[in-house]
2 protein chains.
Amino acid sequence: MAKDTRRAPRQAEAERNDRALLEAAREVIGADGEHASVAAIAKRAGVGIGSLYRRYRTKEELFQRLSVIALDGYHRAATEGLAIDDPWEGLVHYVTAAIGLGAGSLGPIAGTITVTDEMADKNERADDAVATLVERARAAGALRADVTQVDLDLLIEQLATSPLLDQLRKQGRTDLLDVAWNARTRITAIALDGLRATASQPLPGHPPGRELLTERWTPADEVDDVRR
Amino acid sequence: MAKDTRRAPRQAEAERNDRALLEAAREVIGADGEHASVAAIAKRAGVGIGSLYRRYRTKEELFQRLSVIALDGYHRAATEGLAIDDPWEGLVHYVTAAIGLGAGSLGPIAGTITVTDEMADKNERADDAVATLVERARAAGALRADVTQVDLDLLIEQLATSPLLDQLRKQGRTDLLDVAWNARTRITAIALDGLRATASQPLPGHPPGRELLTERWTPADEVDDVRR
DNA sequence: ATGCTAACGGAGCGATTCGCTCCGCTTCAA
DNA sequence: TTGAAGCGGAGCGAATCGCTCCGTTAGCAT
């Protein structure tokens, strides 16, 4: 009963493989969307299919794990942003960190996996933190008044999803990845400048409602009018 | 020899089908990327597979046609922009029109089809027109000085690709399409505000080179380091 | 050295989906 | 009424899918 941590033949390798799997899954999903195959993920991770299925009982379980990790990332980014004194700098931190997570590629799998309680819970916590961040920045007069939280969420998704980066990764053009990454940073900077309170004209149309973000996670039951 | 347009049993239906096919192909590619299947395209268009293959000898030929149409659209948008007297308004017209084309979804098929001479030619023409448009806006002091044409191209691609819109279309959620479309218009407006000359700080890093836009079209020959 | 065992990689299963062909049916001008 | 242009989709062989199953390998204790 003295030694309880005595068995671990190849445990270090297992952890490395798990990390590789999660990263590979993100990349392959970015490249192939919901069609991402477990074979492609395993190959990209340099890991056997068997090892993948020892850790995750099904493909869906792996995808759910990815979602949870992404939601954790968003929550952490928002918390870090709140820890910054200057409201505008805090918001900028969140936006850039959220985009840098590389989780934007997960969008396409929304609606193809069932939402676990853990996912719903973490999503709510992250949302709350972001709401505080946004309100603080707006109250300080740093963020233009007509931008809602949903606007910001959609802007982040728009910038976080990069077909160019996904394709370069898929083609293994690691030589161009740095340049492409920097290019997106520039675009992000442009968008952030547009978020400042110095707006020339009010945003067009009505502010989008939350349903835009939530309804996409409802599985494609019989909604598919194409098959009707 | 007098009457040369006398035979056309179901020609009207054929034209309608062709338009439906092209639109459906854009949508399905947006949803499924390079994995888009001809069956899905035909079904979405409400057309038989046979009709698709009577017009396009192969799937690649259909995709090439889509690319040509997209390039025509970019060129037209740029030309229209140049026809507008105010340099800034002209640029705004091009950006919004280019995003609205719905051709951003085509990005994922870059590198999976061979580039025809027609495509290369039209691409060059469109590029030239955009270059003029950008230089004019910058010379007028409307566009911030540190934004290059490549920056603008990438910004347009970033905004033109919308996982949310693609997914809603795929799920047949036509009820939310208008809201989502308006939401992206708002985001576009934010980005355009960021492009104005009133920049607070210079853009980070170095301006990206053209190769970011061109090299992605080189087929994934043996570049794929994943399979090595 | 020699077990013991947890973790490994991947061949291969049945099922599905792929691009595409082929053909009987439908529509319309003459 | 007829002929031909256009139609939809069943079905072909090939490829790919998610997943199981099993012989092999690597590190611990003896």
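The values are calculated or read from the model by the stated rules, or taken from the named source; none is laboratory data. Everything quoted here is computed from the prediction, not taken from an experiment. We place every Cβ from the backbone using ideal geometry, glycine too, and count neighbours over all the protein chains shown. For accessibility, only protein heavy atoms count, side chains too; no ligands or nucleic acids. Shrake-Rupley method; radii C 1.70, N 1.55, O 1.52, S 1.80 Å.
Based on Cβ point charges of +1 for Lys and Arg and -1 for Asp and Glu, what charge dipole magnitude is obtained for the protein assembly as shown about its Cα centre, in debye rounded to the nearest 20?
1320 debye
Average partner chain C-beta neighbours within 10 Å, per residue of A:100-112?
2
Other chains' Cβ within 10 Å of B:149-158 residues: what's the mean?
Neighbouring Cβ atoms belonging to other protein chains average 4 per residue here.
Pop out the ³J(HN,Hα) list for the range B:59-70 in order, Karplus 6.51 cos²θ - 1.76 cosθ + 1.60 with θ = phi - 60°, rounded to Hz; leave Gly and Pro as x.
4, 4, 4, 4, 5, 5, 4, 4, 5, 4, 4, 4
Over the protein assembly as shown, what percent of the accessible surface lies on carbon and sulfur atoms, probe 1.4 Å?
51 percent
Using a 10 angstrom cutoff on alpha carbons, build the Gaussian network for chain A and name the most mobile of A:160, A:40, A:77.
Taking springs between Cα atoms under 10 Å, the residue moving most is A:40.
Averaged per residue, what accessible surface does the range A:64-218 expose to a 1.4 Å probe, in Å²?
Averaged over the residues of the range A:64-218, the accessible area is 40 Å².
Using a 10 Å cut-off on Cβ to Cβ distances, tally the other chain neighbours for every residue of A:171-184 and report the average as a whole number. Don't skip to the answer; put the middle values down first.
Working: counts 12, 8, 9, 1, 3, 6, 0, 1, 7, 4, 2, 7, 15, 4.
Neighbouring Cβ atoms belonging to other protein chains average 6 per residue here.
Please report the buried accessible area for the interface of A with B, total over both chains, probe 1.4 Å, in Å² to the nearest 100.
Protein heavy atoms only, the A-B interface buries about 5400 Å².
Long-range amide H contacts for residue A:143: which residues qualify at under 5 Å (H placed 1.01 Å from N, peptide plane, sequence gap of 5 or more or a different chain)?
Those lying under 5 Å, H to H, from residue A:143 are A:138.
Across the range B:106-114, in residue order, what do the Karplus-derived ³J(HN,Hα) couplings come to in whole Hz, using 6.51 cos²θ - 1.76 cosθ + 1.60 with θ = phi - 60° and x for Gly and Pro?
Rounded to whole hertz, the list is 6, x, x, 8, 4, x, 9, 10, 7.
Ordered shortest first, which distances in nm separate the 7 Å Cα→C-beta label point of residue A:140 from those of the other copies?
3.6
I'd like the residues of the range A:12-42 whose 1.4 Å-probe accessible area shrinks by no less than 10 Å² going from the isolated chain to the full set of protein chains.
A:32, A:34, A:35
So what is the calculated 222 nm ellipticity per residue for the protein assembly as shown, using -39500 (n - 2.57) for each DSSP H run with n of 4 or more, over all residues, to the nearest 500 deg cm²/dmol? Don't jump to the answer; show the numbers that get you there.
Numbers: 20 runs with 292 residues, N = 456.
Mean residue ellipticity, 222 nm, calculated: -21000 deg cm²/dmol.
Put +1 on the Cβ of each Lys and Arg and -1 on the Cβ of each Asp and Glu in the range B:84-142; which of B:105, B:84, B:119 then has its Cα farthest toward the positive end of the dipole?
Highest projection toward the positive end goes to B:105.
Please pull out the direction-averaged projected area of the range A:64-218, using the convex hull of its alpha-carbon atoms, in nm² to one decimal place. Kindly include the intermediate steps, with their values, before the conclusion.
Numbers: hull surface 38.9 nm².
The orientation-averaged projected area of the Cα hull of the range A:64-218 comes to 9.7 nm².
When only DSSP loop residues count, what trypsin sites (Lys or Arg not before Pro) in the range A:27-59 have their Cβ near at most 11 other Cβ atoms within 10 Å?
Passing sites in the range A:27-59 are A:57.
What is the dipole size for the range A:64-218, taken about its Cα centre, with +1 at each Lys and Arg Cβ and -1 at each Asp and Glu Cβ, in debye to the nearest 20?
480 debye
Which chain A residue hugs the A-B rotation axis most tightly by its Cβ, and what is that distance in angstrom, to the nearest whole number?
Residue plus distance in Å, as requested: A:194, 2.
Enumerate the calculated ³J(HN,Hα) couplings along the range B:149-158 in order (Karplus 6.51 cos²θ - 1.76 cosθ + 1.60, θ = phi - 60°), each rounded to whole Hz, writing x wherever the residue is Gly or Pro.
So the Karplus estimates, Gly and Pro as x, are 5, 5, 3, 5, 4, 5, 4, 5, 4, 4 Hz.
Once you've got the GNM for chain A with C-alpha springs shorter than 10 Å, pick whichever of A:84, A:109, A:156 has the biggest mean-square fluctuation.
A:84
When chain A is modelled as a GNM with alpha-carbon springs shorter than 10 Å, which of A:25, A:78, A:140 fluctuates the most?
A:140
Note the distances from residue B:19 to each other copy's matching label point, with points 7 Å along the Cα-to-beta-carbon direction, in nm, sorted shortest first.
5.6
How much net charge surrounds residue B:25 when only other residues with a Cβ under 9 Å from its Cβ are counted (Lys, Arg +1; Asp, Glu -1)?
Computed value for this residue: +1.
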